[in-house]
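The block underneath contains the structure these notes are about, expressed in structure tokens.
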Amino acid sequence: MLFILTAVNYADRATLSIAGPAASKELGLDAVSMGYVFSAFGWAYVLAQIPGGWLLDRFGSKKIYFFSLITWSFFTMCQGFVGFLGAGTAIMALFLLRFLVGLTEAPSFPANSRVVASWFPTAERGTAAAIFNSAQYFATVIFSPLMAWITHTYGWEYMFVVMGVLGIALAFVWMRVLYSPKEHPLINKAEFDHIEQGGGLVDMDQAKKGAKASEGPKLGYLKQLLSNRMLLGVYIGQYCITTLTYFFLTWFPVYLVQGRGMSILKAGIIASIPAICGFVGGVLGGVISDWLIRKGYSLSVARKTPIVLGMLMSTSMIACNYVDIEWLVVAVMALAFFGKGVGALGWAVVADTSPKEIGGLSGALFNTFGNTAGITTPIIIGYLVQGSGSFNGALIFVAANALVAILSYLLIVGEIKRVELKKI
């Protein structure tokens, strides 16, 4: 379920990148304006992280995820109707609706992390986190061609409506199938003991039942998280890794259309090829990490090795500035996307390090830092493209972030371990 919902989550973020070329022409958006509209999601997503994390710790993952999915899907659907407004009003409405999608999607990834921390022992957590996180690539594989076909055949407005309806339907499936380890009707004692003894936080949500509002998670704990050198290094690394994510989510299809001269339909199909490689890399990174743990390597070595190697592969995208052959550009981007997938182990690290009392808040703070890139990346690339008339500088900017992520994990993070809070 986490994989399916995360795929829809990322598809809803990427809707505008598919609709972008057609919508920008119809609504009169230039590159800088499109960059700001792309960034609307990031502003709200970052602002709502801490409140979303608090709600998860206070009320549990199941309920908050349900309301999050229902509302973000509704606002996605509403974007399909902005074309009925005047051009200026439509741009403002599109920015506002993208902002609301970001606001309501905020609890989703911290919730994913809480569910994984609850259901999986440490030696299986890297693979579990990699599977749900790899849904971001699967979303491109499945939904980019689908959304491109809907846009090409029926118009960009219909694509938003289809995705919104899909998300609302899945919200009710989620409520039907998700349980905590202590409540699942099919779990047996041996499985429960395996999870609990292996480090799974099996009572994460049960502890919140019957609590008064005043007994909710204390925001004062955030100061302890922010003063922890290991976590700060993880946060910096995640910001840089998420810069790569938002390039592929927002500007990559536009790069294929405007920078490489492809049609919208072809770009939607071609974009799925690197995404398949990202999906494979995303799962492989988690499998390798957990395999290293089972072979006796430390948690730090097991998590850092795929991150460093993956980010090194991602820097290969700079080579696209020096080749004109279409298939070679796609191959290089596929390698970069594969590397980004291998290195995207941040959520496994969060599940490994978050204090058990505030798993939601810890994941939310991590996601706040990471998704600040959702604000900066679309705007910076918009200015680079507008100023130079090409995507060369944008690719250098994205690759440089991969190098900074490597330095952060090697020089700042140190030993990866669960944070113990001082009581306040």
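Couple of notes before you dig in:
- Restricted to the range 42-70, and to residues there that are in contact with a Leu (Cβ under 8 Å, 6 or more places away or on another chain) and not aliphatic (A, V, I, L, M), the residue that is modelled with the highest pLDDT is Y65.
- Residue within the range 89-112 that is assigned to a loop (DSSP other than H, G, I, E, B) and modelled with pLDDT of 85 or more present: yes
- So A169, is it open to solvent by 10 Å² or more (accessible area, probe 1.4 Å), part of a helix (DSSP H, G or I), small (G, A, S) and at pLDDT 80 or above: yes
- Residue under evaluation A302, criteria (1) surrounded by fewer than 24 Cβ atoms within 10 Å (Cβ to Cβ); (2) at pLDDT 85 or above; (3) farther than 28 Å from T376 by Cβ, criterion not met: (1)
- Single residue of I269, I276 found to be modelled with pLDDT under 90, touching a Phe, Trp or Tyr at 6+ places or on another chain (Cβ under 8 Å), assigned to a helix (DSSP H, G or I) and open to solvent by 60 Å² or more (accessible area, probe 1.4 Å): I276
- Per the listing I381, I358, the residue uniquely aliphatic (A, V, I, L, M), farther than 18 Å from Y137 by Cα and at pLDDT below 85 is I358.
- Residue pairs whose Cβ atoms lie under 6 Å apart, separated by 6 or more positions or on different chains, with the first residue in the range 329-345 and modelled with pLDDT of 90 or more and part of a helix (DSSP H, G or I) and the second crowded, with 24+ Cβ neighbours inside 10 Å and of a type in the set (S, T, Y), are A336/S314; G339/S314; K340/S314.
- Within the span defined as the range 308-316, every residue fails to be assigned to a helix (DSSP H, G or I) and at pLDDT below 90.
- For the range 366-402, filtering for residues that are assigned to a helix (DSSP H, G or I), open to solvent by 10 Å² or more (accessible area, probe 1.4 Å) and closer than 26 Å to Y65 by Cβ leaves 3.
The values are calculated or read from the model by the stated rules, or taken from the named source; none is laboratory data. Note that the structure is predicted; figures quoted are calculated from it, not measured. Neighbour counts run over all protein chains shown; Cβ positions are idealised from the backbone, glycine included. For accessibility, only protein heavy atoms count, side chains too; no ligands or nucleic acids. Shrake-Rupley method; radii C 1.70, N 1.55, O 1.52, S 1.80 Å.
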